[in-house]
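As structure tokens, the structure follows; a few thoughts come after it.
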Amino acid sequence: MKQYQILVIGGDGIGTEVTTWGKKILEEIGNLYQIHFTFDTALLGHAAIEATGTPLPEETLTKARQANAILFGAIGHPMYDNDPSLKVRPEQGLLGLRKALGLYTNIRPIKLFDELLNASSIKPEILKGADILFFRELTGDVYFGEKARRDDGNTAYDMMIYSKYEVERIAHKAFQAAQKRRKILHSVDKANVLESSRLWRETVNEVAKQYPDVQLHHQFIDSAAMLLIKSPRMFDVVLTGNLFGDILTDEASQIAGSMGMLASASIGDSTGFYEPIHGSAPDIAGKGIANPLASILSVALLLEHSLDMKAQGQSIVEAVDRTLKQGYRTIDIADENTPKSHILGTDAMGAKVTEILKQVVSDLW
Ligand code: IPM
Ligand code: MG
């Protein structure tokens with residue numbers, strides 16, 4: 001039996017609560033499909049600062065490099081948000097790991113489960129059928145450009161910087177994905193103002209020549225942000241830089257009903273990294289009400305992208321779909337029609353999906 005080593009990093013806030021269920025679902029997949037997973041854990045972010053003084057301990061990096069895939073929770077703590085002068089910050093752990101593992105492609109699928117049409121703040125008739133795949137560049141841009149203070153700290157800058165090769169490698173990935181879908185690609189930039197965006201656009205145009213079957217559109221970030229909620233169905237694959245992608249994907253989470261539903265895959269040169277797009281949500285941490293579905297759906301992406309087990313991943317998506325069809329909701333995706341008996345906490349929702357996953361797999365056989 002083949003053996004896979006999975007590194008589980010719960011991180012901060014609700015990260016640990018939801019990742020517990022991502023891991024349990026993966027264990028269940030192991031049982032159902034006779035796959036041998038072994039698990040290890042590591043620290044990142046605030047939890048790592050508390051324990052070791054640094055947000056990305058060397059041990060975490062070593063374990064990350066050795067694993068077949070990484071399942072991550074969330075990062076961030078209010079104590080740092082309230083004090084911008086702190087030099088050591090949880091987010092540095094996540095950004096450092098993305099950079100060290102060369103995770104330049106962040107894939108964020110935005111797919112609305114039919115049952116959640118009413119959970120979104122956007123009108124159902126606008127949403128129905130929306131299905132968008134974001135390719136967010138993850139190791140460049142203002143996130144990693146030179147940053148500093150000058151004039152005695154009274155002036156600050158973060159350099160928005162991209163090199164051609166960085167745009168090329170993610171553009172290829174996005175075009176290839178578009179070829180397998182509706183063959184429409186929107187590249188989002190701010191080329192009317194930014195030089196880095198002009199290089200981005202030029203490079204995407206060059207790469208496009210190799211994919212004549214894909215329809216390429218360029219969209220400025222401001223109008224893309226508007227169109228995304230005005231007509232989400234016009235988008236198929238969206239390719240964008242690190243900062244614009246960060247903002248647009250949070251916006252797009254409303255298309256999927258809730259941030260609590262969205263999973264993401266970060267892939268590149270080394271171990272793949274899988275995480276919900278939601279943050280550590282300190283306001284609800286420890287209350288047992290966080291939605292574990294994004295972590296569970298992250299496991300589906302992990303199986304597909306790092307272990308080449310798309311069918312197994314699909315059975316998880318099917319289990320989530322059936323759970324929603326049976327009317328079960330966590331509080332963030334419940335609406336006025338959800339009976340109290342069907343509003344579940346984190347553990348009850350995780351257990352429900354696990355139970356339904358067993359049925360899904362037995363129906364397949
Ligand atoms: C995300 C998050 C991170 C980012 C933060 C926590 C550094 O918002 O993954 O979208 O900005 O990339
Ligand atoms: Mg974000």
Among the listed residues ASP347, ASP335, ASP363, identify the single one that is among the acidic types (Asp, Glu) and under 22 Å from ASN118 (Cα atoms). ASP335
Could we say that LYS111 is among the basic types (Lys, Arg), open to solvent by 70 Å² or more (accessible area, probe 1.4 Å) and more than 24 Å from LYS24 (Cα to Cα) here? no
Among the residues of segment 267-279, the number that are of a type in the set (Ser, Thr, Tyr) and buried (at least 24 other Cβ atoms within 10 Å of the Cβ) is 1
In segment 238-262, residue farthest from ligand 1 (Cβ to nearest atom) [restricted to those that are under 18 Å from LEU103 (Cβ atoms) and open to solvent by less than 10 Å² (accessible area, probe 1.4 Å)]: LEU239
Checking SER253, SER258, SER280, SER298 in turn, the sole residue that is polar (S, T, N, Q), within 15 Å of ligand 2 (Cβ to nearest atom) and in contact with a Pro (Cβ under 7 Å, 6 or more places away or on another chain) turns out to be SER298
Wholly inside segment 33-105, helices (runs of 4 or more DSSP H) that include 3 or more residues that are within 16 Å of ligand 1 (Cβ to nearest atom) are 46-52, 78-81, 90-100
Within segment 126-185, which residues are in a strand (DSSP E or B), of a type in the set (A, V, I, L, M, F, W, C) and over 20 Å from the mean Cα position of the chain (by Cα)? ALA148, ALA156, ILE184
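For every residue, the table says whether it meets (1) open to solvent by less than 20 Å² (accessible area, probe 1.4 Å); (2) basic (Lys, Arg); (3) touching a strand residue (DSSP E or B) at 6+ places or on another chain (Cβ under 7 Å); (4) without any contact (Cβ under 8 Å) to a residue 24 or more places away in the chain.
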position: ALA265; (1), (2), (3), (4): yes, no, yes, no
position: ILE289; (1), (2), (3), (4): no, no, no, no
position: LEU293; (1), (2), (3), (4): yes, no, no, no
position: ALA311; (1), (2), (3), (4): no, no, no, yes
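The values are calculated or read from the model by the stated rules, or taken from the named source; none is laboratory data. A quick note: this is a predicted structure, and the numbers were derived from the prediction, not measured. Don't worry about glycine lacking a Cβ; one is built from the backbone with ideal geometry, like all the others, and counts go over all protein chains shown. What goes into the accessible areas is simple: the full protein's heavy atoms, side chains included, and nothing from ligands, DNA or RNA. Shrake-Rupley method; radii C 1.70, N 1.55, O 1.52, S 1.80 Å.
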